[in-house]
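Structure first, commentary second.
Just so it is clear, none of the values below were taken in a lab; they were calculated from the coordinates. Everything numeric in this text was worked out from a predicted model, so none of it was measured. With ideal geometry, Cβ positions are generated from the backbone for all residues, glycine too; neighbour counts draw on all protein chains shown.
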Amino acid sequence: MSTIRFVSLGDSVTSGYGDPMPGGGWRGWAAILAESLEPAQFTNLAISGARIADVADRQLPAALDLRPTLASVLVGMNDTLRGDFDAAHLGRVLDDTVAALTAAGATVLTARLPDPGRMFGLPAVIARPLGRRMNALNEVLDRIAAEHGTLHVDLAGLPEDTAVYARNNWSVDRLHPSERGHRLIAFRFATALRAAGHPVPALPGLAATNPEPTITERVWWMATQGNRWLLRRSTDLMPALARMVAEELRGQRGAAVG
């Protein structure tokens with residue numbers, strides 16, 4: 001059996017954030033998936049905070065140098081939370097990225113991304129505009145998957161798909177999957193690979209194998225690390241959210257008058 005050269009590209013979700021290992025460091029869904037694809041040479045190029053342009057400019061050249069036979073591209077959430085969000089432009093960059101990987105001979109994994117409003121339990125006036133952005137990005141991802149024949153899984157979740165948004169599948173920050181959530185992502189990609197005829201000796205388990213954080217540890221993390229993360233993000237996130245909320249309220253008032 002030939003060795004699979006698996007390279008993962010993306011942001012903090014693919015870098016493993018939310019799935020800490022007892023000895024330190026992060027693991028994540030891509031590493032869990034790689035374990036089920038043995039023999040596999042796995043390289044994780046994902047970086048926390050990465051946007052679509054970062055993947056194209058920095059991660060893609062390194063990935064192509066590794067001559068992957070399997071590659072994952074899971075990115076875009078950070079772009080939806082920025083003031084310069086442009087679904088059409090982001091789609092062109094993503095299209096070029098996926099095209100380059102497929103042209104190099106890699107089977108590419110892509111996914112529809114979850115709705116941040118459902119993830120965070122946000123008020124409707126914030127959840128709706130964020131949801132529209134994510135819907136626009138997911139439409140782009142669906143088109144790219146169809147055009148390039150990627151193995152495309154739905155992490156956005158249908159209304160009846162409660163697993164994606166189940167509380168124990170998310171870490172305390174509600175932005176990154178917990179170990180259970182990472183395992184769910186790995187399981188769905190492994191299932192898609194097996195259905196497409198790729199060798200997957202064993203599907204990843206869904207149950208957590210590392211100790212899950214206690215309520216006290218969750219509260220301490222949010223008070224010490226989570227708040228610092230929110231403050232760093234708020235310099236560009238909060239103005240963008242404020243504009244989106246204002247536009248949403250104007251739209252509601254206009255509809256009421258009409």
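For the stretch 55-190, the fraction of alpha-carbon pairs lying more than 23 Å apart is 36 percent, rounded to a whole number.
Pull out the extension gain between His89 and Thr209, defined as 0.36 nm times the separation in residues minus the alpha carbon to alpha carbon distance; nm, one decimal. Numbers along the way, then the final one.
On the way: separation 120, 0.36 × 120 = 43.20 nm, distance 4.05 nm.
Full extension of this stretch gives 39.1 nm more.
Summing +1 for each Lys or Arg and -1 for each Asp or Glu among the other residues whose beta-carbon sits under 12 angstrom from that of Met119 gives +1.
So how strong a dipole does the stretch 4-213 carry about its Cα centre when Lys and Arg Cβ are +1 and Asp and Glu Cβ are -1, to the nearest 20 debye? Present the calculation step by step, with values, prior to reporting the outcome.
Details: 19 positive and 22 negative charges, 45 e Å.
Charge dipole, the stretch 4-213, about its Cα centre: 220 debye, nearest 20.
Rg/Rh, computed from the Cα trace of the stretch 1-76 with Rh as the Kirkwood radius, has the value 0.97. The Cα center of the stretch 103-119 and the Cα center of the stretch 37-86 differ in position by 10 Å.
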